[in-house]
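The values are calculated or read from the model by the stated rules, or taken from the named source; none is laboratory data. These numbers were taken from a predicted model, which means no experiment stands behind them. Positions of Cβ are backbone-derived with ideal geometry, glycine not excepted, and every protein chain shown enters the neighbour counts.
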Amino acid sequence: QDRQACMRLLLRTNPKHMIILSLKQGTFFVKSQTYLRCVCPDFYAQMGREYARRLESGQFADYKTERSLAVKYLQEALALQRNSDIDVNLANNLNDLANLYHDMGLYSEAQPLLLEALELRKRLLGAEHPDVAASLNSLAAFYYDVGNYAKAEPLYLEALELGKLLLGDNHPDVASSLNKLAKLYKAQGRYAEAEPLLLQGLEMRKRLLGSENPDVASSLNELAELYQAQGRYAEAKPLVEEALEISLLLLGDRHPNVAESLNNLAGIYYFLGDYHSAIECLSQGLAVARDVGDRSREARHLGNLGVVYNSLGKYHDAIESHNKYLKIAREIGDRQGEGHALGNLGTAYKSLGHYQKAIDYYRQHLAIAREIGDLSGEGSTLSSLGETLLKLEQYPEAMDKLQAALEISREIGILDLDAEVLNKLAKLHQQLGELDRALEHCNEALDIATELGIPLAEECQDLKEELLSQKEGR
């Protein structure tokens, strides 16, 4: 069947050529050098894009095999094109191959191709062209995934404005740009800016593409991740479940989108205290990520498994998972992932009572978070640092770190981080003998945690009773 499809593609590419072909083990050997130079790049590129389309639409027989074929054909097309005249097809193939590398977590291979494709498209097509907008989005997505938010934002904004100019406000590509920009804002903790963009993108995609569409599932996942980051778990859970249902229906159970939905659902179970359901979802998602060769998602699943293990008191299992996460993140150039893995290792060592080692890891994470503009990561790490310094009775420095974390959480609206930091500040004031101030912070934390329905509420209630008992004993 594949051979017949190849023949049809060859004949459709340029029927005027006399083609002499022999077929051996599914590989075409072209005996006409003229044809090889002029036509084969188009054939290889079409085959590569066809396999990439099958991956995206869920029509693949084996994800990893067909992705390898997509890469192979596009590499062949580029090798031949570089020996002939430069045209827009070269730029298209550069961008398509770079996107495949990006999806595989091969960031160092993707970046130079993305930059070359953007430069070629601007030169050959002019600055105001839909393909230029596509290149801008691809390059911005690359910078986003390696944690370079400062470079990603202006590219996303330029792509969005260009898309609106060329396609109008009511187009699927514009909805995609809105979603990508919102995802960046969410990563930076700019939740108030992200939510309206995600809601607008979701509404557009449902209206333009229909409710049962992979892009709709993607929008649902992104909106759920935003609500989850804010501690709005009751709103997030049905969105993730809907996204998972759509992905399974359209793409099958061995697709990266399914792994993403499972990861998001695991996060909700985790924050609601259902650790075993979280592990089940993460294990399923990890198997999918490995099966399709998605190293970036594999790393994130390992990191999240480590977080759950830590909460269950399985600290050595947690450290093993986080070290695997750190290794992959460094191999693929994922700076945000590297920071998260370092912070997670800090938490595991803090749980073991190795406070100085924990502080070292937290400070490494803090440096990366500040370097890439990851405000939520910075706030979370400051909170963890403050707690660790509190255990070492270094109260002034602990106070500084916790107050800084509280300022960030309130600036960007992370409700569960707000409750977490307030609870730690309550414990710090308790240690200092400032019970009224401790009770004030504890009540604030309890109100937020109760509203969110998270396990921290029980810890806050216990602390409140302890503080009231101490006040009565005075």
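Points to keep in mind about this one:
- Count - residues of segment 340-360 that are part of a helix (DSSP H, G or I) and more than 24 Å from Arg297 (Cβ to Cβ): 9
- Lone qualifier among Lys357, Lys427, Lys401, Lys391 - being among the basic types (Lys, Arg) and more than 25 Å from Ile319 (Cβ to Cβ): Lys427
- All of Ala159, Ala110, Ala150, Ala77 fail the test of being in contact with a Pro (Cβ under 7 Å, 6 or more places away or on another chain) and either surrounded by 23 or more Cβ atoms within 10 Å (Cβ to Cβ) or at pLDDT below 95 (or both), apart from Ala77.
- With respect to being aliphatic (A, V, I, L, M), part of a helix (DSSP H, G or I) and either within 28 Å of Ile448 (Cβ to Cβ) or at pLDDT below 95 (or both), Leu302 falls outside the description.
- The residues listed here are Gly313, Gly337, Gly273; of these, the one that is part of a loop (DSSP other than H, G, I, E, B), closer than 24 Å to Tyr227 by Cβ and not charged (D, E, K, R) is Gly273.
- Of Gly168, Gly126, Gly163, all but one fail to be over 25 Å from Asp215 (Cβ atoms) and over 19 Å from the mean Cα position of the chain (by Cα); the exception is Gly126.
The rows are residues; the columns are (1) over 18 Å from the mean Cα position of the chain (by Cα); (2) closer than 23 Å to His340 by Cβ.
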| position | (1), (2) |
| --- | --- |
| Leu208 | yes, no |
| Glu222 | no, yes |
| Ala234 | yes, no |
| Leu248 | yes, no |
| Leu262 | no, yes |
| Tyr275 | yes, yes |
| Glu280 | yes, yes |
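- Residue check for Ser409: touching a Phe, Trp or Tyr at 6+ places or on another chain (Cβ under 9 Å), surrounded by 23 or more Cβ atoms within 10 Å (Cβ to Cβ) and hydroxyl-bearing (Ser, Thr, Tyr): no
- Unique match (being surrounded by fewer than 21 Cβ atoms within 10 Å (Cβ to Cβ) and assigned to a helix (DSSP H, G or I)) among Glu212, Glu235: Glu235
- The residues on offer are Arg290, Arg363, Arg297, and the sole one that is under 24 Å from Gly231 (Cβ atoms), among the basic types (Lys, Arg) and assigned to a helix (DSSP H, G or I) is Arg297.
- Lys424 at pLDDT 95 or above, touching a helix residue (DSSP H, G or I) at 6+ places or on another chain (Cβ under 8 Å) and within 29 Å of Val146 (Cα to Cα): no
- If the condition is being more than 21 Å from Leu389 (Cβ to Cβ), at pLDDT 95 or above and of a type in the set (Gly, Ala, Ser), then segment 312-347 contributes Gly313, Ala318, Ser321, Ala341.
- Subset of segment 426-447 [buried (at least 17 other Cβ atoms within 10 Å of the Cβ) and of a type in the set (Gly, Ala, Ser)]: Ala426, Ala438, Ala445
- Yes/no for Ser376 being within 28 Å of Tyr149 (Cβ to Cβ), modelled with pLDDT under 95, of a type in the set (S, T, N, Q) and buried (at least 24 other Cβ atoms within 10 Å of the Cβ): no
- Options Leu100, Leu90, Leu94; residue that is of a type in the set (A, V, I, L, M) and in contact with an Asp or Glu (Cβ under 7 Å, 6 or more places away or on another chain): Leu94
- Per the listing Ala329, Ala341, the residue uniquely within 22 Å of Met104 (Cα to Cα) and either in contact with a Leu (Cβ under 7 Å, 6 or more places away or on another chain) or hydroxyl-bearing (Ser, Thr, Tyr) (or both) is Ala341.
- Within segment 348-365, considering residues that are surrounded by 24 or more Cβ atoms within 10 Å (Cβ to Cβ) and not aromatic (Phe, Trp, Tyr), the one farthest from the chain's Cα centre (by Cα): Ala358
- Some residue of segment 125-143 being crowded, with 16+ Cβ neighbours inside 10 Å, at pLDDT below 90 and closer than 30 Å to His340 by Cα: yes
- The residues of segment 448-474 that are of a type outside the set (D, E, K, R), farther than 26 Å from Ile268 by Cβ and either surrounded by 14 or more Cβ atoms within 10 Å (Cβ to Cβ) or under 29 Å from the mean Cα position of the chain (by Cα) (or both), listed by number, are Leu467, Gln470.
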